[in-house]
Every structure is written in structure tokens, then in C-alpha cells.
Amino acid sequence: MEGRDKTEQLALVVLRKEYSSWRAACKQASAPEKEAGCLSEWFKTFIQGRGSFECFSFSLLYRLLDANGELLIRNAQLKHAGRYTCTAQTIVDNSSASADLVVRGPPGPPGGLRIEDIRATSVALTWSRGSDNHSPISKYTIQTRTILSDDWKDAKTDPPIIEGNMEAARAVDLIPWMEYEFRVVATNTLGIGEPSLPSNRIKTDGAAPNVAPSDVGGGGGSNRELTITWAPLSREYHYGNNFGYIVAFKPFDGEEWKKVTVTNPDTGRYVHKDETMSPSTAFQVKVKAFNNKGDGPYSLIAVINSAQDAPSEAPTEVGVKVLSSSEISVHWKHVLEKIVESYQIRYWAAHDKEAAAHRVQVTSQEYSARLENLLPDTQYFVEVGACNSAGCGPPSDVIETFTRKAPPSQPPRIISSIRSGSRYIITWDHVVALSNESTVTGYKVLYRPDGQHDGKLYSTHKHSIEVPIPRDGEYVVEVRAHSDGGDGVVSQVKISGKSDIFQLNTFKFLCHVASQE
């Protein structure tokens with residue numbers, strides 16, 4: 001043993017000496033990030049030239065061997081645990097030394113998870129402990145996941161704290177008639193371990209609802225109707241099959257509740273019709289949920305009114321003013337009833353059916369309405385009715401009217417744009433309307449800066465107009481024919497004060513050059 005000790009000491013001395021000198025050379029010749037690779041080459045060279053040096057985790061040895069000949073494992077992981085044996089060998093002898101490396105860490109995943117005794121709001125879980133990784137397990141956590149979310153959440157348990165020596169517990173406060181998955185996570189002083197594999201999906205037993213619908217209200221509707229509304233309960237509160245609602249209502253001073261069943265779980269509205277019901281009558285209403293396991297609690301009582309009567313009078317003195325080939329204005333005299341909330345104008349073309357009539361709704365404060373996008377040279381029928389939430393009352397007498405012929409389809413042809421002193425004279429050809437078009441009564445001329453929509457509007461019966469020369473930039477002159485049917489298609493021309501001055505100066509310059517020749 002004495003010879004082996006000397007051999008081992010000799011090998012370590014040589015190893016340390018060679019390593020120290022090579023490390024200094026690596027630092028001098030290599031960038032810091034390449035030093036480890038340089039040292040690796042040294043270790044390979046040393047082993048090949050001086051003997052053999054075998055070691056578990058061989059690559060770690062030559063990358064992490066420090067100046068004292070020690071193996072340093074940085075960022076140790078559980079996989080690094082085990083027995084490390086190193087052998088130094090020379091021509092004379094060899095020597096080996098071994099050490100057991102223990103790496104402590106968070107616990108491994110529990111195994112054998114089973115779900116038993118499934119009830120409406122709780123289930124029993126059992127599992128087997130996993131590896132504690134050399135640090136005792138301090139507690140377990142049960143986690144759940146439902147079909148409503150992909151996230152795992154910590155469950156409430158019985159007992160509330162699951163000690164590390166336990167292998168069974170109960171998850172409580174679960175949602176009845178809900179599909180669940182479970183998993184178990186172990187914890188020790190070094191951290192939280194990996195979770196167990198998820199359990200098979202199970203469904204808790206059903207139970208009667210324990211949540212009442214909210215936002216109960218309603219009112220309005222058509223004649224002789226009582227409209228009741230509420231916020232439907234979400235799926236997690238159904239708690240069982242055959243889910244629905246029971247709606248109860250009675251007159252405000254009545255004694256007996258009338259109950260109806262609504263079987264659609266997604267609805268939040270019920271309309272009760274009763275021809276004997278008085279308009280604008282106060283009712284008390286309440287709603288509760290039910291399923292195949294029983295009924296839930298009623299909501300708070302809400303007070304609503306039955307629908308009011310629709311207006312009984314028709315607007316009078318209805319008149320129509322034709323504005324163009326596509327627009328008319330309708331006016332009327334108000335109905336005196338206080339229950340009027342709006343007015344509805346119905347209109348339809350003579351070649352259409354009355355059932356296809358268009359509708360325009362205005363507030364009860366309005367006395368007129370404009371109907372747009374009508375067909376040119378077309379017969380229309382118009383009527384007006386007073387309305388409220390219960391519906392519309394009788395319509396007025398039907399008024400017959402005709403839209404005007406369409407405006408001219410041909411744009412004015414601009415003949416010339418001539419500068420005269422400080423003004424431009426724009427001239428165009430007269431537009432002749434076709435037989436199915438309105439006669440031209442004049443022309444509209446818009447004088448505006450280029451790139452803008454607003455400007456100065458002129459009207460004229462002539463075929464020309466004078467506009468001022470622009471002071472800055474370019475201007476656009478738009479010309480269109482005007483008729484009883486509306487405005488026709490536009491023509492335009494651009495004018496510029498600067499460009500004309502430049503052209504005039506250029507003309508004078510050319511004339512001057514010609515005279516010199």
C-alpha cells in the first residue's frame with residue numbers, strides 16, 4: 001500500500017503540475033470562452049502521453065478539473081448522483097479511489113393514483129409515494145382540471161393539509177355533475193416536485209341547483225303581454241340533467257303565484273300572453289332553476305309592468321313634398337295620446353307589394369322625415385303610424401306621390417378655360433336632357449382648392465362663368481347641370497395662377513429672342 005500511495009501521490013503531483021502550466025498557457029493564448037476547450041485538449045493529451053485515467057462522467061472530469069485535481073460539478077442535477085471511481089495508472093502501478101455522490105432535490109412524481117367513492121361534491125384519492133430524492137416529503141397537493149378550462153387548480157381537501165406521510169385524502173367543494181381530472185404533487189424543503197400522471201376523467205354525481213338566476217326583470221312587449229327576463233345560469237351551475245327554469249308571477253297585490261316551466265337551459269326570456277290582462281299593470285316575478293335532482297332557490301322578487309296598449313289614433317294631416325328624383329319629405333300632425341314613443345313611416349313603390357314596404361322610425365318629437373334612395377320617375381305610396389313598445393296603432397290615410405325624372409346623365413363638355421386679366425372664363429356646352437330625364441334648369445359651379453371638398457358654389461343659367469385666378473396652388477372648377485330631378489354628372493378643369501404666369505413669361509421671353517434674331 002505504501003508503494004501505491006507514493007504512486008498515487010506522484011501521479012497527482014504530475015497531474016497538478018501539468019494542469020497548472022497548461023491552464024496558464026490556455027489563459028494566455030485563448031479567449032475566455034475558448035479556455036474550456038483548450039483545457040479539454042490538454043487533458044486528452046496528458047492521458048495519452050502519461051498513462052490512463054478512467055473516470056465515471058469522463059467529460060465532466062476534464063472540463064471541470066480544477067487546479068487542485070478536484071472534480072467540481074456545477075448546477076448539479078439528480079442524474080449526476082452515483083458512485084464515482086477514478087484510477088491513476090503508471091508503468092509502475094495504479095491506484096483507484098471511489099466516492100458516492102448524493103444529490104438532493106424536490107420529490108419525484110407520486111404514482112398509482114386512483115379515484116374512489118365519487119359523490120356530488122367530493123371524491124376520495126389514493127396514491128403511492130414517489131422518490132423523496134434524499135429530502136423528506138413535507139406535504140402533498142391535489143390539483144383538478146375540468147372540461148371548462150385547461151388550467152390545473154389546487155383543490156380544497158380533507159384534511160386541509162396533507163402531510164408527507166399520507167397516501168390518501170379527499171377532494172372537496174367540487175362542482176356536481178362536472179367532469180374532472182386529478183393529479184397529486186409532492187413538496188419538500190427543496191421545492192415542488194413533478195406532478196403525477198393525470199387520473200382518468202370522472203364525472204361527479206348530480207345535485208339540485210343551489211344558485212338562483214340573477215338580473216330578473218322585464219316589462220314592455222306587445223298588447224296583453226307580460227315579458228319576464230333573467231340571466232341564464234352557466235353550465236357549471238346546472239348540476240344535473242333535464243335542466244330548466246320555473247317562472248312564477250302574480251299581480252302586485254295578488255295572492256296566488258302562477259308558475260310556468262321553461263325547458264330550454266339557454267333561454268333567459270318568457271312571454272306570457274293573456275287577453276284579459278290590463279295594460280301597464282304591475283306584477284311581481286321570480287325565477288328558479290331545476291334539474292332531475294330537484295329545484296334550486298328562487299331569485300329575489302322583481303316588480304315589472306305588463307305591456308301598455310298600442311296607440312289607438314292615427315296621425316292626421318299627412319303630406320308629402322317631392323325633393324328630387326330620389327328623395328321625398330313626409331310630414332304629419334302629432335297624435336295627442338301620451339303613450340306615443342315614436343312614429344313609423346311605411347312606403348312602397350307601386351310595382352311592389354305592400355308587404356315589402358320599407359320602414360323609417362323617428363322619435364315622437366319629430367314632425368317630418370326624409371325618405372331617400374328612391375327610384376326616379378316612380379309612383380310611391382306612403383302612410384304614417386304612431387308607435388310604442390306594444391306596437392303601432394292604426395296607420396294614416398295612404399298618400400300617393402311620384403318622384404321626379406332622373407337628372408341629366410350627360411356631363412357638361414368644357415370648351416375652354418381662358419385667363420382674362422385677374423379672372424378665368426370657363427365655358428361649356430349646353431346639356432340636353434334625354435326623354436326620361438328632367439329638363440336642365442341651370443348649372444352649378446363649385447370653385448375649390450385642389451385636394452379639398454369645400455369651396456365656393458355658384459349658380460347660373462348661362463353656359464359660362466368667371467372665377468378669380470388662384471393666388472396659391474391649383475384650384476378645381478366643377479360644373480354640373482341642375483334639374484328638378486337633382487344634379488347631373490360633373491365635369492371639371494384645373495386652373496393655376498402660378499403656372500399661367502410662368503407660361504406668360506415664357507411666351508414673352510420667346511418673343512424677345514425672336515426679335516433679336
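Glu313 label point, 7 Å along Cα→Cβ, cut-off 17 Å on backbone N: hits in the range 382-417? Inside the label zone: 384-388, 392-397.
Filter Lys333/Lys405; Lys250/Lys293; Lys258/Lys288; Lys203/Lys293; Lys258/Lys293; Lys288/Lys338 down to the pairs with a C-alpha to C-alpha distance above 25 Å, please. Flagged as over cut-off: Lys333/Lys405; Lys250/Lys293; Lys288/Lys338. Site pair Val489 and Val360 shows an inter-label distance of 2.8 nm when each label is modelled 7 Å from Cα along Cα→Cβ.
Once you list every other residue whose beta carbon is under 10 Å from the beta carbon of Phe381, what net charge do they have if Lys and Arg are +1 and Asp and Glu are -1? Write down the numbers at each step before the final one.
Details: positive: Arg346; negative: Asp352, Glu354, Glu383, Glu400.
Surrounding charge for Phe381 is -3.
Within straight cross-link reach of Lys494, meaning Cα distance under 19 Å, which aspartates and glutamates are found once same-chain residues fewer than 8 apart are removed? Partners within reach: Asp429, Asp450, Asp454, Glu466, Asp472, Glu474, Glu478.
Looking at the range 410-467, which trypsin sites (Lys or Arg not before Pro) are DSSP coil and have at most 14 other C-beta atoms within 10 Å of their C-beta? Show your work: numbers first, answer last.
Values: sites: Arg413, Arg419, Arg423, Lys444, Lys456, Lys462; in loops: Arg413, Lys462.
Taking the range 410-467 and a limit of 14 other Cβ atoms within 10 Å, the loop trypsin sites (Lys or Arg not before Pro) found are Arg413, Lys462.
Accessible surface for Trp230 stands near 10 Å², nearest 10, in the context of the full protein assembly shown (1.4 Å probe).
Using a probe of 1.4 Å, the accessible surface attributed to Cys392 totals some 60 Å² when neighbouring protein chains are kept in position. Ordering Leu336, Leu125, Leu113 by accessible surface, largest first, gives Leu336, Leu113, Leu125; the 1.4 Å probe counts only protein heavy atoms, with every chain in place. Rounded to the nearest Hz, the phi-derived 3J(HN,Hα) couplings of the range 139-154 under the Karplus curve 6.51 cos²θ - 1.76 cosθ + 1.60 (θ = phi - 60°) are 6, 10, 10, 9, 10, 10, 9, 10, 6, 8, 7, 8, 8, 8, 10, 5, where x marks glycine and proline.
Ordered from highest to lowest accessible area with the whole protein assembly present and a 1.4 Å probe, Leu148, Leu233 read as Leu148, Leu233.
Here's the picture: charge each Lys and Arg Cβ at +1 and each Asp and Glu Cβ at -1 in the range 222-294, and of Tyr245, Thr227, Pro279 the one pushed furthest to the positive end of that dipole is Tyr245.
According to the Cα-based calculation, Rg over Rh for the range 239-298 is 1.03, with Rh computed by the Kirkwood formula.
Taking label points 7 Å from Cα along the Cα-to-Cβ direction, Ser128 and Lys338 give a separation of 8.3 nm.
Within the set of other residues whose C-beta is less than 9 Å from the C-beta of His272, count the net charge using Lys and Arg as +1 and Asp and Glu as -1.
Numbers: positive: Lys258, Lys273; negative: Glu225, Asp274.
Computed value for this residue: 0.
Peptides 89-101, 341-353 ranked from most to least packed, by the mean per-residue count of other Cβ atoms within 10 Å: 341-353, 89-101. Subtracting the Cα-Cα distance of His351 and Tyr367 from 0.36 nm times their residue separation leaves 2.9 nm of extension gain.
A DSSP coil position with no more than 15 other Cβ atoms inside 10 Å describes the following GluC sites (Glu not before Pro) in the range 351-431: Glu366, Glu372.
For labels at Lys321 and Phe381 in the simple 7 Å Cα→Cβ model, what's the distance in nm? In this crude label model, Lys321 to Phe381 measures out at 2.6 nm. Taking a point 7 Å out from the Cα of Leu78 in the direction of its Cβ, the residues of the range 88-132 whose backbone N falls within less than 14 Å of it are 103-111, 129-132. With 0.36 nm allotted per residue and the present C-alpha distance subtracted, the Val103-Asp151 stretch has 14.1 nm of extension available.
Protein-only accessible surface at a 1.4 angstrom probe places the residues Val211, Val303 in the order Val303, Val211, largest first.
The values are calculated or read from the model by the stated rules, or taken from the named source; none is laboratory data. Because the structure is predicted, anything quoted here is derived from the model rather than measured. A quick note on method: Cβ atoms are made from the backbone with ideal geometry, for glycine too, and the neighbour counts reach across all protein chains shown. What goes into the accessible areas is simple: the full protein's heavy atoms, side chains included, and nothing from ligands, DNA or RNA. Shrake-Rupley method; radii C 1.70, N 1.55, O 1.52, S 1.80 Å.
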